[in-house]
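Each remark here refers to the structure printed beneath this line.
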Amino acid sequence: MADIVLDKVTKAFPDGTLAVQEFNLEIADGEFVILVGPSGCGKSTTLNMIAGLEDISSGELRIDGQRVNDKAPRDRDIAMVFQSYALYPNMTVRENMAFPLKLAKLSREEIDRKVDEAAKVLELTALLDRKPANLSGGQRQRVAMGRAIVRSPKAFLMDEPLSNLDAKLRVQMRTVVSRLQKRLGTTTVYVTHDQTEAMTLGDRVVIMRAGAIQQVGEPQELYDHPNNLFVAGFIGSPSMNFLPATVSDGSLHTSLGDFPLGERLRSRLADVSGDLIVGIRPEHFEDASLIEDSIRQRGAEFEATADLVESMGSDKYVYFTVEGEKASAAELEELAADAGSGDLPSSGSNLVCRFSAESRVKEGDTARIWVNLDKIHLFDPSNGRNVTLHEGRSSGVSA
Amino acid sequence: MTAETATEKPTTHSVRAQRKAKARISEGKRQERKLGWLLCAPAAFVMIAVTAYPILYSVWLSFQRFDLKFPDQREFIGLGNYATVLTNEYWWTAFGITTLITVVTVAVELVLGMALAWIMFRTLVGRGLVRTAALIPYGIVTVVAAFSWKFAWTPDTGYLGNLFGEGAPLTERASSLAIIMLAEIWKTTPFMALLLMAGLALVPEDLLKAASMDGATGWQRFTKVMLPVMKPAILVALLFRTLDAFRVFDNIYVLTGGANNTSSVSMLAYNNLIRGLNLGIGSTMSVLIFIAVAIIAFIFVKLFGTAAPGSDEGGRR
């Protein structure tokens with residue numbers, strides 16, 4: 001077990017592209033850190049640099065206080081789980097798991113003991129004599145994990161280990177991974193493009209975009225206080241709603257209507273002028289008829305026609321189309337492209353609201369909607385910065 | 001109409017309809033099968049004409065005493081020719097030479113081919129050029145290449161002729177065999193490399209990464225991860241090359257003409273059949289070569305489990 005420190009780690013490819021730029025991160029001993037971001041953001045490259053599978057162009061990587069930039073992967077004493085599982089097809093499950101131990105020249109008895117122990121933890125005992133070709137996806141995934149844990153390495157690196165599983169199994173395996181990590185207490189760096197995995201698994205989450213860290217923090221912190229548009233749009237499902245807005249005369253003008261600026265916003269908008277983007281999470285809307293008077297004055301109300309109502313049982317997702325200009329910023333375009341919705345035709349902005357299940361709103365109804373103004377975020381479209389954050393918070397870019 | 005007849009009638013109807021449906025399905029299937037045969041027919045016909053017929057004809061010839069120098073003495077003698085050939089010293093010498101050439105060339109080609117495949121696979125700069133250059137020997141007609149080797153090793157005029165001092169290398173048995181094997185290896189290593197390169201492409205990159213994370217050295221990655229995964233491709237390459245090498249002819253024909261006991265079984269069969277005009281003995285030798293090749297193929301396919309690349313998942317057994 002060990003801590004991992006990335007000190008201005010940079011990866012430049014021969015053609016000049018910067019895959020990772022000045023990556024600074026201190027991963028504490030036993031911590032579970034998630035690297036998350038859209039494809040091509042450099043998260044896998046970063047992981048491969050920690051593993052030693054990619055050279056580090058500049059900067060320093062320290063594991064357990066030791067500089068390991070020039071050490072071969074096998075000398076770093078870290079284990080890795082691959083998205084493809086990378087099981088050796090010619091070996092049985094037992095041989096697969098014993099492989100790193102055999103290479104480390106452990107005695108036969110010790111190898112057997114460790115493999116049996118790991119197999120027990122991962123419920124693989126009955127499968128030890130099978131070949132990978134005869135295992136299901138979930139079983140293969142567990143064998144891959146088993147091969148990583150048998151040698152009790154200093155750290156685990158996981159490269160999208162659950163991405164090849166179907167949705168239900170993925171949720172199940174998520175808890176397996178989480179429990180296993182807690183039980184072993186081994187430092188873990190986990191790469192995923194799935195924000196749900198990032199939110200649920202990690203002690204801390206690192207959000208990356210185009211080779212640079214956007215924000216590092218605990219999942220809830222990232223959700224509640226996103227540094228910028230990108231983080232705000234990336235974290236959360238359904239994602240945050242964005243609308244263009246302007247500020248004047250102490251009120252916020254949006255296509256939903258004019259909202260009064262509360263004390264919280266007014267103090268931070270003192271030196272901000274011009275166009276803004278307002279970000280509102282789906283759960284910060286509510287059916288106005290269900291709002292108690294005690295909290296009603298914290299927000300504002302407007303009317304819109306529901307396009308679509310999805311009842312999830314516990315809540316209702318209600319979709320509205322808001323006429324007028326769409327919020328536009330480089331970050332939002334990138335997020336849309338990553339989600340594959342960049343070229344969906346639509347007039348105006350789509351608004352997703354999460355109402356409580358008691359709401360009686362139906363498709364085609366004109367609903368009265370309450371929005372919690374305490375929870376809205378305002379972003380500067382030119383640089384994506386969240387202008388509603390405390391000064392102290394917004395500087396936490398590379399914690 | 002009573003209820004009984006009403007229920008009865010549909011039953012008989014439906015049975016008949018079912019039968020009809022069955023007949024219709026099998027009719028359709030029969031048509032499909034017929035079409036299949038028709039589509040195969042041209043290929044099957046050509047195969048029978050150029051492969052099956054000559055093989056069967058030479059088997060038929062091998063059971064006869066049939067020497068075109070003495071056509072009157074033609075008669076059916078059963079396995080007599082086989083007894084003659086299999087007790088003949090020349091046959092076994094040629095068989096030994098052929099086996100030696102086969103084993104040595106295939107072994108060397110496997111090693112060199114693997115190295116060449118690796119180079120072709122890993123080359124990043126000028127990949128097309130490297131691959132083309134590596135394949136040139138295989139693109140040259142064997143006889144042409146054999147002649148150029150012959151000239152190269154000719155004393156005084158050849159550029160390799162005096163490499164090992166005085167004397168003509170192609171006039172001694174050991175050096176002749178070495179030169180024959182060299183020519184064979186030079187020519188077919190690229191072919192081996194090509195087949196092995198297909199095998200290299202079967203090894204997932206992640207597997208090698210995983211192995212290096214697991215602590216394997218470069219050599220261990222090669223022997224414990226790559227080779228087992230490549231096994232199907234390697235076996236196919238070995239099978240092709242072994243069968244090919246066992247029929248070695250052109251190089252020997254040009255380089256030594258079989259002098260100094262350097263004949264292969266193919267050379268011997270050719271000498272008896274075409275030069276000696278002994279159709280009986282020559283055909284017998286051809287049949288024996290055919291049987292030997294069949295045995296080699298059988299060993300590879302049945303004992304080593306060789307299969308076409310890709311059809312085996314590697315380790316599924």
Self-check item: Net charge, A:Val309 excluded, C-beta distance under 9 Å - Lys, Arg +1, Asp, Glu -1
Solution: -2
Quiz item: What net charge is computed for the residues neighbouring A:Gly65, neighbours being all others with C-beta under 14 Å from the C-beta of A:Gly65, Lys and Arg scored +1, Asp and Glu -1?
Solution: -2
Quiz item: Say the dipole of the range B:31-137 comes from +1 at the beta carbon of Lys and Arg and -1 at that of Asp and Glu; which of B:Pro71, B:Cys40, B:Ile55 then lies farthest toward its positive end?
Solution: B:Cys40
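List the trypsin sites (Lys or Arg not before Pro) in the range B:23-104 that DSSP assigns to loop (not H, G, I, E or B) and whose Cβ has at most 11 other Cβ atoms within 10 Å. Which are they? If you can, show how the numbers build up before the last one.
Working: sites: B:Arg24, B:Lys29, B:Arg30, B:Arg33, B:Lys34, B:Arg65, B:Lys69, B:Arg74; in loops: B:Lys69, B:Arg74.
Within the range B:23-104, the qualifying trypsin sites (Lys or Arg not before Pro) (loop, at most 11 other Cβ atoms within 10 Å) are B:Lys69.
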Quiz item: Once you charge only the Cβ atoms, +1 for Lys and Arg and -1 for Asp and Glu, what is the size of the charge dipole of the protein assembly as shown about its Cα centre, to the nearest 20 debye?
Solution: 3840 debye
Quiz prompt | Neighbour-limited loop hits for chymotrypsin sites (Phe, Trp or Tyr not before Pro), the range B:149-206 (at most 16 other Cβ within 10 Å; DSSP other than H, G, I, E, B) | solution = B:Tyr159, B:Phe164
Quiz prompt | Backbone HN-Hα couplings from phi across the range A:182-197 [Karplus 6.51/-1.76/1.60, Hz, Gly and Pro as x] | solution = 5, 5, 7, x, 8, 3, 9, 10, 10, 9, 8, 10, 9, 5, 5, 4
Practice problem: Name the shape class, rounded, prolate or oblate, that the alpha-carbon gyration tensor gives for the range A:200-241, where a ≥ b ≥ c are the square roots of its eigenvalues, rounded holds for a/c under 1.5, and otherwise prolate holds if a/b is larger than b/c and oblate otherwise. | Solution: oblate
Practice problem: Note the angle between two axes, namely the Cα long axis of helix A:330-339 and the longest principal axis of the Cα atoms of chain A, as a number of degrees from 0 to 90, rounded to the nearest 10. | Solution: 60 degrees
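Note down the magnitude of the dipole of the range B:149-298 about its Cα centre, charges +1 on Lys and Arg C-beta and -1 on Asp and Glu C-beta and zero elsewhere, to the nearest 20 debye. Before the final figure, lay out the partial values.
Details: 10 positive and 9 negative charges, 57 e Å.
Magnitude of the dipole: close to 280 debye.
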Quiz item: Across the range A:48-62, in residue order, what do the Karplus-derived ³J(HN,Hα) couplings come to in whole Hz, using 6.51 cos²θ - 1.76 cosθ + 1.60 with θ = phi - 60° and x for Gly and Pro?
Solution: 5, 5, 5, 6, x, 7, 10, 6, 8, 6, 7, x, 10, 10, 10
Self-check item: Cβ-based exposure ranking for A:Ser163, A:Ser294, in which fewest neighbours within 10 Å come first
Solution: A:Ser294, A:Ser163
Quiz item: Rounded, prolate or oblate: which one fits the protein assembly as shown, using the alpha carbon gyration tensor with axes a ≥ b ≥ c (rounded when a/c is under 1.5, else prolate when a/b beats b/c, else oblate)?
Solution: prolate
Quiz item: Fewest first, what order do B:Thr154, A:Thr186, B:Thr171 take by the number of other Cβ atoms within 10 Å?
Solution: B:Thr171, B:Thr154, A:Thr186
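For the protein assembly as shown, what is the percent of antiparallel DSSP beta bridges, rounded to the nearest 5?
Numbers: 63 of 81 bridges.
The antiparallel fraction comes to roughly 80 percent.
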Quiz item: So what is the relative contact order for the range A:4-224, in percent, with contacts set as C-alpha pairs under 8 Å and at least six apart?
Solution: 31 percent
Exercise. List the relative contact order of chain A as a percent without decimals, with contacts defined as Cα pairs under 8 Å and 6+ residues apart.
Key: 17 percent
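What 222 nm value per residue comes from the helices of chain B, counting each DSSP H run with n ≥ 4 as -39,500 (n - 2.57) and dividing by all residues, nearest 500 deg cm²/dmol? It would help to have the intermediate numbers written out before the result.
Details: 12 runs with 209 residues, N = 317.
Rounded to the nearest 500, it is -22000 deg cm²/dmol.
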Exercise. Please check chain A for the longest run free of GluC sites (Glu not before Pro) that are loop-located per DSSP (anything but H, G, I, E, B) and have at most 15 other Cβ atoms within 10 Å.
Key: A:124-291
Quiz prompt | 0 to 90° range, to nearest 10: angle between helix B:173-200 axis and chain B longest Cα axis | solution = 30 degrees
Practice problem: Please give the helix A:108-121 orientation as an angle from the longest Cα principal axis of chain A, in degrees from 0 to 90, rounded to the nearest 10. | Solution: 20 degrees
Exercise. For chain B, just say rounded, prolate or oblate: build the C-alpha gyration tensor, square-root its eigenvalues into a ≥ b ≥ c, call rounded for a/c under 1.5, and beyond that prolate if a/b exceeds b/c, oblate if not.
Key: oblate
Quiz item: Looking at chain A, which longest stretch skips every one of the trypsin sites (Lys or Arg not before Pro) that is in a DSSP loop with at most 13 other Cβ atoms within 10 Å, leaving the sites themselves out?
Solution: A:106-359
Exercise. At 37 °C and 0.692 mPa s, grab the translational diffusion coefficient of the range A:178-313 from Stokes-Einstein with a Kirkwood Rh over Cα pairs, rounded to a whole number in µm² per second.
Key: 184 µm²/s
Quiz item: Out of A:Gly137, B:Asn272, A:Phe99, whose Cα points farthest toward the positive end of the dipole of the protein assembly as shown (charges: +1 Lys, Arg; -1 Asp, Glu; placed on Cβ)?
Solution: B:Asn272
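Bear in mind these aren't lab numbers, they're just calculated from the coordinates by the rules spelled out. All of these numbers come straight from a predicted model, not from anything done at the bench. Please note: Cβ atoms are built from the backbone with ideal geometry, for glycine as well, and neighbour counts cover all protein chains shown.
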